[in-house]
Amino acid sequence: MQERIQQNNSRLNERERGFTLIEMIGVLAVIAVLASMVAPKIFDAIRDSKVDTLLSDVSNVRTEVVSFYKDTSRFPEHQAGPAAAAGFNEMITNSVASATAGVVGAAIRGWRGPYLDKQLSNPLNPNSNISVESTRLFPGTIVSFDINGDGIVDYTNGAAPAGNPNALKNDISYMVIDGLSFEEAQRISNALDSDVDAGAAGVAGGAANWWQTGRVVAFKAATFAAAQAGPAALPVRNADVAVWIFLGAR
């Protein structure tokens, strides 16, 4: 009987000693491997969530641009971010932003805003600039969109293309978001464009040059000023990118 009690006590003592050093190292190694596998997916999930938030904001802005146009018979001029021009706040404040739309600071005729419940921001890069612009504000800047990715421009404030003389418009409303990575810009384009599955012979769409067609065109930051006359190829995957998103035309 005494021997059995001693054996039971011995087993209890072994259990109470817990893990050995080797066992602890093994457990930590397994945890480290699992963490290395899960961490990238967590970061991807966070980025995907921010992209979804930005896409939701773009959809809301497009809706409110329509409301602004219905009320005022023109497109709004609105900028936000560190480099935003002072006073360019037409979707929140009833005040003319530029001389191209009347007397700067004057009330906007027909304005029934505010059309945004919060200031524009880029969840992917809070230090970037984001704006709603129109070709009326920058008449020297040529803005062109090939909405369906068929290689023929659908809307432009430049020379009308031979394949679509009706493409020439008096004013085009578009959203500009800068400070994006190549991958972020591509995800935005994939979500908003119809050019992802294009790319057949003679068609200007397709994943190989997604930045040139559809509702989204993209520019590399290094040549942004020069690229305003037309899309430029993106040289490296992680280059800062500015995307221009089509909102409407008249």
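Quick notes on this structure:
- Computed packing ranks the peptides 182-189, 236-243 as 182-189, 236-243, most packed first, by mean other Cβ atoms within 10 Å.
- The shape of the range 46-249 can be summarised by an equivalent ellipsoid whose semi-axes, obtained from the alpha carbon gyration tensor, come to 27, 21, 15 Å from longest to shortest.
- Distance (nanometres) between label positions extended 7 Å along Cα→Cβ at Ala85 and Ala159: 2.8
- Count Lys and Arg as plus one, Asp and Glu as minus one, and take only other residues whose Cβ is under 11 Å from that of Asp240; the net charge is then -1.
- Modelled FRET efficiency - R0 22 Å, Ile42 with Lys118, Cβ distances, 0.05 increments: 0.25
- Charged neighbours of Thr135, selected by a Cβ distance under 12 Å, balance to +1 (K, R count +1; D, E count -1).
- Taking other C-beta atoms within 10 angstrom as a stand-in for reagent exposure, Ile130, Ile42 fall in the order Ile42, Ile130, fewest first.
- Extreme residue, positive dipole direction of the range 46-249, given options His78, Ser144, Asn164 (C-beta unit charges): His78
Coordinate-derived values only; no laboratory data. Because the structure is a prediction, the values reported are computed rather than measured. Because the Cβ atoms are built from the backbone with ideal geometry, glycine has one as well, and the counts that use them run over all protein chains shown.
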